[in-house]
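Bear in mind these aren't lab numbers, they're just calculated from the coordinates by the rules spelled out. Quantities reported herein were computed from a predicted structural model and do not represent experimental measurements. Using ideal geometry, Cβ is built from the backbone for each residue, glycine included, and neighbour counts are taken over all protein chains shown.
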Amino acid sequence: MSTEPGGPPSAVGFPDDLVALQQQWTRIFNQLASGPAAGSHEMRMQLLRLSLRLDSHPHWASTEAGWSRRARSKLQRHASSAPGGEEQLVTLCVDGRIIAVPPGEAASRRRRR
């Protein structure tokens, strides 16, 4: 598997460096979603930089479909299940407050409404 930007994709179709970028994005997003933290401004800025790097990665130009929300979702699912990955928290508005919960809990909270 490749670690070079735009290098050959892994068996699932995503280069290792792109998966690592997505995993880093998810870790920072989860930290921010979990609540106020020291350095949150810097984390938001880092999240924006990572978003730009994810969206402009050479991999998207090398695929027939290019960048799409569906492809980004597929990358997100793959990155969360790959070694070192974690699931992205889901943010919900509950009683006028924004809370962050694991995806499975979010689905059960939505059904209870």
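Here the extension length gained between Ser62 and Gln46 equals 3.2 nm, from 0.36 nm per residue of separation less the Cα-Cα distance.
Each listed q (0.10, 0.13, 0.23, 0.24 Å⁻¹) maps to a log10 I(q)/I(0) for region 13-113 from the Debye sum over equal C-alpha point scatterers, namely -0.32, -0.53, -1.23, -1.28.
Between Ile28 and Ser73, the simple label model (points 7 Å from Cα in the Cβ direction) yields a spacing of 2.4 nm.
Remark: region 16-86 carries a charge dipole of roughly 220 debye about the Cα centre, counting +1 on each Lys and Arg Cβ and -1 on each Asp and Glu Cβ. Couplings for region 40-51, taken from phi via the Karplus curve 6.51 cos²θ - 1.76 cosθ + 1.60 with θ = phi - 60°, read 5, 4, 5, 5, 4, 5, 5, 4, 5, 4, 5, 4 Hz in order; Gly and Pro are left as x.
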